[in-house]
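The values are calculated or read from the model by the stated rules, or taken from the named source; none is laboratory data. These figures come from a predicted structure and were not determined experimentally. Here Cβ is always computed from backbone atoms with ideal geometry, including for glycine, and neighbour counts include all displayed protein chains.
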Amino acid sequence: MNLGENYSKTVAKKFDKLPVYVPDTKIKPGAVISFGKDMLGRPNKPFGTFHHITDLVGGKVYDFQITNPPKPSSTAVLNFVSQNEVTVTSALKANVPNAVDGDIAFQFGKAGSVLLYAVKGTDYGIDQLALKKNLSKVANEEKWEDYYIVTEVTIYERALVYQSIDRNGALAVSASAKNISISGNDITNIGAEATFSVKWKDKQAFSVDWAENVVLFMKLVRFSKGELKVYEKALTGANAVSSGEFELVEVDTNLMLLQE
């Protein structure tokens, strides 16, 4: 599994939305994207890196008027680390360059290990019924079934995100919160008002250093045979509930409306 797929699946185990990889990729609702195709020519499952094809809202070719008002996200605060793979210690004890008393170091024990902390999420989306109506008018202009369409993104006011590219990755920060620790897959002794300043990092696949207005999640559909197919997380396996193992399954939007 490559690092992009690893990040997507690791984070999606805890949250219901698909992670954007790389985090803070500038993507917006109405974007048409591709994750490539498998050996049989079918679209790959939407994990890892993707390619931006075009835009259906405010694009050069299409400009559907289907935008919904923004709303506070149901996951307003994100707090996640790869379980049993991340530890925290004093940056001084970890011999971090230029560390001072009070700085902390997150240490990552495995390639692909993740830390994710973000606050004040807002969802930006488009109307799916209006999307379907507009796509039906241009159904023959593209091979829409080859692509995914972004119907919602979640943008966080501030985010600290890191993925290790190798064993012994490290991220050292100065934090307003004191006595930060790791418990399971959460950072503890930390509140929504915590702030960070990144002092040093090593062996990162990528890092988002307490940046502003970071795009972290998206929701996707595919348009095929005149219908929208949304992607839902389905737990799999005998121990799925406890292990978090899952797969993405396509659900017809007409069926979803009947179930509501």
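Okay, here's what the table says:
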{"read-out": "Residue check for Asp16: assigned to a loop (DSSP other than H, G, I, E, B), in contact (Cβ under 8 Å) with a residue 24 or more places away in the chain and loosely packed, with under 15 Cβ neighbours inside 10 Å", "value": "yes"}
{"read-out": "Matching option when the condition is out of contact with any Pro (no Cβ under 9 Å at 6 or more places or on another chain), surrounded by fewer than 21 Cβ atoms within 10 Å (Cβ to Cβ) and under 30 Å from Ser174 (Cβ atoms), among Asn98, Asn44", "value": "Asn98"}
{"read-out": "Yes/no for Val138 being over 23 Å from the mean Cα position of the chain (by Cα) and at pLDDT 95 or above", "value": "yes"}
{"read-out": "Subset of segment 201-215 [under 17 Å from Ser113 (Cα atoms) and assigned to a strand (DSSP E or B)]", "value": "Lys201, Asp202, Gln204, Ala205, Phe206, Ser207, Val208, Asp209"}
{"read-out": "Whichever residue in segment 109-156 is among the small types (Gly, Ala, Ser) and part of a helix (DSSP H, G or I) and, among such residues, is surrounded by the most Cβ atoms within 10 Å (Cβ to Cβ)", "value": "Ala130"}
{"read-out": "Output for segment 222-243, where each listed residue is touching a helix residue (DSSP H, G or I) at 6+ places or on another chain (Cβ under 7 Å) and at pLDDT 90 or above", "value": "Arg222, Phe223, Ser224, Gly226, Glu227, Leu228"}
{"read-out": "His52, sole failed condition from (1) without any contact (Cβ under 8 Å) to a residue 60 or more places away in the chain; (2) within 29 Å of Lys137 (Cα to Cα); (3) in a loop (DSSP other than H, G, I, E, B); (4) not charged (D, E, K, R)", "value": "(3)"}
{"read-out": "In segment 163-200, residue nearest to Ala76 (Cα to Cα) [restricted to those that are part of a loop (DSSP other than H, G, I, E, B) and among the small types (Gly, Ala, Ser)]", "value": "Ala192"}
{"read-out": "Breaking point among (1) within 29 Å of Asp16 (Cα to Cα); (2) part of a strand (DSSP E or B), for Thr89", "value": "(1)"}
{"read-out": "Test: residue in segment 58-73 that is at pLDDT below 95, out of contact with any Pro (no Cβ under 8 Å at 6 or more places or on another chain) and polar (S, T, N, Q)", "value": "yes"}
{"read-out": "Residue in segment 41-49 that is more than 14 Å from the chain's Cα centre (by Cα) and more than 18 Å from Lys219 (Cβ to Cβ) present", "value": "yes"}
